[in-house]
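The values are calculated or read from the model by the stated rules, or taken from the named source; none is laboratory data. These figures come from a predicted structure and were not determined experimentally. Because the Cβ atoms are built from the backbone with ideal geometry, glycine has one as well, and the counts that use them run over all protein chains shown. Quick note on the areas: whole protein, heavy atoms, side chains included, nothing else; ligands and nucleic acids left out. Shrake-Rupley method; radii C 1.70, N 1.55, O 1.52, S 1.80 Å.
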Amino acid sequence: MDNLTNTHLRNVAIIAHVDHGKTSLVDTLLKQSHTFRANQEMGSLIMDSNPLERERGITILAKNTAVTYKGVKINIIDTPGHADFSGEVERVMNMADGCLLVVDAVDGPMPQTKYVLKHALNQGLIPIVVINKIDRPEARVKEVISLVQDLFLELATKPEHLDFPILFASAREGYAIADMAAPRVDMQPLFEAILGSVPAPQGDPNAPLQMLVSALDYDNYIGQIAIGRIFRGTMKSGVNVALLSSDGSKTNYPVEKLFIFKGLQKVQVEETPAGEIVAIAGVSDVTIGDTIASIDNAEGLPRISVEEPTVMMSFIVNNSPFMGREGKYCTTRTLHARLLKELRTNVSLKVESTDSADEFLVKGRGELHLAILIETMRREGYEFGVSRPKPVLKEINGRTYEPYEILIIDTKDEYIGSLTENLTRRLAQLLDMRSDGQGNVHIEYRIPTRGLIGFRSFFIRLTRGNGVMNSLFQEYAPMEGEVRTQSNGVLVASEEGVAVTYGLNAAQGRGTTFIEPGTPVYEGMIIGMHPRDEDISINVTKEKKLTNIRSATADFAIRLTPAVKMSLEESMDFIADDEMIEVTPLSLRLRKKELSAQARQRLRRDAKVRV
Ligand code: GDP
């Protein structure tokens, strides 16, 4: 023990594929470490669980929790389990010395987990594997151990990477064991493994202060919050510190409030030494990667990079005839303010003004990153329009460069033919394909982001749940070739009113419909898909003329095919450049940007003249 090591502390990141039991595990650790006093109310799952994240199978906001075991405080850093957030993963791992890799005893390790683990090992984190859900009757512990070992063999860059402890756990039943034959009592073996394997953080508490800002938070009362680990020195509340920004500037700020993590909460403290993960208020213009240092001896830590956005969409003030019917916030001012607020914590996001005061260009890390923002905003009561996602291009030496990604697919080999056909048209190049001889195949491609847009919905439809796909940004490279996706037209409502069975039946004669009878429609709203590359206007509000009783009864006999309902991501992929999605808290309506059929015809004529 030396005074440069904070022996009463451990910092561990937790990595897991969604549903493998990360929340349950942290929950159990919290309960067993008696973080909660007896009189404090305790839900069953106390961490995380934002419904939005759950639906999409990801956790987005990396949150911190801390538990105490035998006088040692263990900071648990949550990591997002999806490749679209890989940058965030790297950043939060900066705060940790070890990681818990939670793997389901039935499913085994998943491809997304692999990327996160790779980052963890590259950053020198000491891993501990937790094979969870061993209580399940279908648990196949031996096979999963061997899959985990394969994974480490593939990713290890140092011999010590292969020397990791494995624990077997049931987060639900509250125990972990180091040996399958051991009695199943509680989580002590896991706590012991953390204390034994993960090194205590280093750093001289008497040296000049250095903290690396790895995450941001915002609170309406206390403002911008910077979160990160203190690498050197001691942070004190009320003291002035220097903020070292990416442009080389140095600005002084007072630390207005200093917090550490305890249980699920932040607690205010007066001072805390090197090794701790802290949250501080007062340093207002801070961003990820900045160093907060002592004023007299301000030395920057190596910057952590924030990856550039690769996909963009327009966010447009809702100008549909139904504007204001379903949302609370629908004006330019509220939309702009909400987007600016997002920038305070959503580090890889960019928002730009456009020629139109009512339209903002929002750039993010991928379709999913933007979809999450859209979904969050609509749940908060916002109403707005969004356009089709596009890749963010760059001009380098007079050439156009575009983002490329590595696409990883794990599925059944019966889909190889259809996938190859579709992906070739999307300019994908095959990098690797491996079959396991039991009908499963692993395929890797290099593909421009441009080609990847719209692929996810095709993939989900094709594989009907029998496949996982992941993509990861690789590089910017010169733009080449043309993506040839199958284009189809749409069925467009020609009148405002309420869709009726008779009108929709007529529409179903031309294509697939997206709405049920009783749905309010307006001129220019897209109500279905036309299989050919041509749009058709249809009056779906049209009732059958009641000439006599018999035909009126015959109308009841019409049996419509159920409407096809698309998710937000599917809609984003479906719409064309002259279309948009009207997003409200209650509905996702697809529409033409230009609502009037006459105006659209004029635009088409003008376009032809120009050609
Ligand atoms: P997360 O998505 O990784 O945070 O996973 P959760 O902790 O939310 O768990 C996902 C599901 O698995 C929930 O239904 C849990 O009740 C269940 N689960 C978690 N741990 C265990 C376990 O040890 N055994 C069993 N049988 N189920 C578990």
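Only one residue in Asp107, Asp97 is acidic (Asp, Glu) and under 22 Å from Asp27 (Cβ atoms). Which one? Talk me through it step by step, then tell me what you get.
Values: Asp97 fails: under 22 Å from Asp27 (Cβ atoms).
Residue meeting the stated conditions: Asp107.
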>> Could you check the stretch 11-40 and list, in sequence order, the residues that are open to solvent by 30 Å² or more (accessible area, probe 1.4 Å) and either more than 8 Å from the ligand (Cβ to nearest atom) or modelled with pLDDT of 80 or more (or both)?
In response: Asp19, Ser24, Lys31, Gln32, His34, Thr35, Phe36, Arg37, Ala38, Asn39, Gln40
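Where residues in the stretch 366-402 are closer than 13 Å to Glu308 by Cα and in contact with a Pro (Cβ under 6 Å, 6 or more places away or on another chain), which of them is surrounded by the fewest Cβ atoms within 10 Å (Cβ to Cβ)? Spell out the reasoning first.
Initially, the stretch 366-402 is screened for residues closer than 13 Å to Glu308 by Cα, giving 366, 369, 391-394, 402.
When the remaining residues are screened for being in contact with a Pro (Cβ under 6 Å, 6 or more places away or on another chain), the result is 391-392, 402.
Details: Pro391: 22, Val392: 17, Glu402: 19.
Here the residue is Val392.
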> Name the residues in the stretch 170-188 that are within 15 Å of the ligand (Cβ to nearest atom) and touching an Asp or Glu at 6+ places or on another chain (Cβ under 9 Å), would you?
Replying inline: Ser170, Ala171, Arg172, Glu173, Gly174, Tyr175, Ala176, Arg184
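Quick one: how many residues across the stretch 411-421 are under 20 Å from Leu472 (Cβ atoms) and touching a helix residue (DSSP H, G or I) at 6+ places or on another chain (Cβ under 6 Å)? Even if it seems obvious, please write down each step before you answer.
So in the stretch 411-421, the residues under 20 Å from Leu472 (Cβ atoms) come out as 411, 419.
Checking the rest, the ones that are also touching a helix residue (DSSP H, G or I) at 6+ places or on another chain (Cβ under 6 Å) come to 411.
Selection size over the stretch 411-421: 1.
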> Is it true that Glu90 is farther than 30 Å from Phe231 by Cα, assigned to a helix (DSSP H, G or I) and either away from the ligand (no atom under 11 Å from the Cβ) or of a type in the set (Val, Ile, Thr) (or both)?
Replying inline: no
>> It is to be established whether one or more residues within the stretch 337-354 are in contact (Cβ under 8 Å) with a residue 12 or more places away in the chain, assigned to a strand (DSSP E or B) and either more than 18 Å from the chain's Cα centre (by Cα) or more than 18 Å from Glu579 (Cβ to Cβ) (or both).
In response: yes
> Applying the selection to the stretch 259-277, what residues are assigned to a strand (DSSP E or B) and buried (at least 23 other Cβ atoms within 10 Å of the Cβ)?
Replying inline: Ile277
> Are any residues in the stretch 312-336 in a loop (DSSP other than H, G, I, E, B) and open to solvent by less than 30 Å² (accessible area, probe 1.4 Å), and if so, which ones?
Replying inline: Asn318, Ser320, Phe322, Gly327, Cys330
> Which pairs do you get when a residue that is part of a strand (DSSP E or B), found in the stretch 13-30, comes within reach of a residue that is near the ligand (Cβ under 6 Å from one of its atoms), reach meaning Cβ atoms under 7 angstrom, with the pair 6+ apart or on two chains?
Replying inline: Ile14/Lys22; Ala16/Lys22
> Which numbered condition trips up Phe231, out of (1) open to solvent by 50 Å² or more (accessible area, probe 1.4 Å); (2) farther than 14 Å from Asn94 by Cα; (3) part of a strand (DSSP E or B)?
Replying inline: (2)
> List pairs: first in the stretch 169-180 and without any contact (Cβ under 8 Å) to a residue 24 or more places away in the chain, second open to solvent by less than 10 Å² (accessible area, probe 1.4 Å) and in a loop (DSSP other than H, G, I, E, B), Cβ under 8 Å, 6+ apart or cross-chain?
Replying inline: Tyr175/Met187
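Just checking: which of the strands (runs of 3 or more DSSP E) contained wholly in the stretch 103-206 hold 1 or more residues that are open to solvent by less than 30 Å² (accessible area, probe 1.4 Å) and among the small types (Gly, Ala, Ser)? So that I can check it myself, show each step before the final result.
On the way: elements: 126-132, 166-170, 175-177.
Once the strands (runs of 3 or more DSSP E) in the stretch 103-206 are filtered for at least 1 residues that are open to solvent by less than 30 Å² (accessible area, probe 1.4 Å) and among the small types (Gly, Ala, Ser), what remains is 166-170, 175-177.
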> On the given criteria, is Leu243 buried (at least 16 other Cβ atoms within 10 Å of the Cβ), free of Cβ contacts under 8 Å to residues at least 40 places away in the same chain and part of a strand (DSSP E or B)?
Replying inline: no
> Given (1) closer than 23 Å to Gln188 by Cα; (2) within 12 Å of the ligand (Cβ to nearest atom); (3) modelled with pLDDT under 60; (4) surrounded by 18 or more Cβ atoms within 10 Å (Cβ to Cβ), where does Ser44 come up short, assuming only one miss?
Replying inline: (4)
> When Ser305 is evaluated against the numbered criteria (1) under 28 Å from the mean Cα position of the chain (by Cα); (2) part of a loop (DSSP other than H, G, I, E, B); (3) modelled with pLDDT of 95 or more; (4) not aromatic (Phe, Trp, Tyr), which criterion, by number, is the only one it fails?
Replying inline: (3)
> Under 9 Å by Cβ, and 6 or more places apart or on different chains, what pairs join a residue from the stretch 379-399 that is touching a residue at least 40 places away in the same chain (Cβ under 8 Å) with one that is part of a strand (DSSP E or B) and open to solvent by 70 Å² or more (accessible area, probe 1.4 Å)?
Replying inline: Glu380/Tyr329; Gly381/Tyr329; Tyr382/Tyr329; Glu383/Tyr329; Phe384/Tyr329; Val392/Lys350
> Can you name every residue in the stretch 103-137 that is more than 17 Å from Lys158 (Cα to Cα), more than 10 Å from the ligand (Cβ to nearest atom) and of a type in the set (D, E, K, R)?
Replying inline: Asp107
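In the stretch 512-533, how many residues are at pLDDT 90 or above and open to solvent by 30 Å² or more (accessible area, probe 1.4 Å)?
Here is the first cut: in the stretch 512-533, the residues at pLDDT 90 or above are 512-530.
Next cut, open to solvent by 30 Å² or more (accessible area, probe 1.4 Å) only: 512, 516-520, 523, 529.
Residues that pass the stated criteria total 8.
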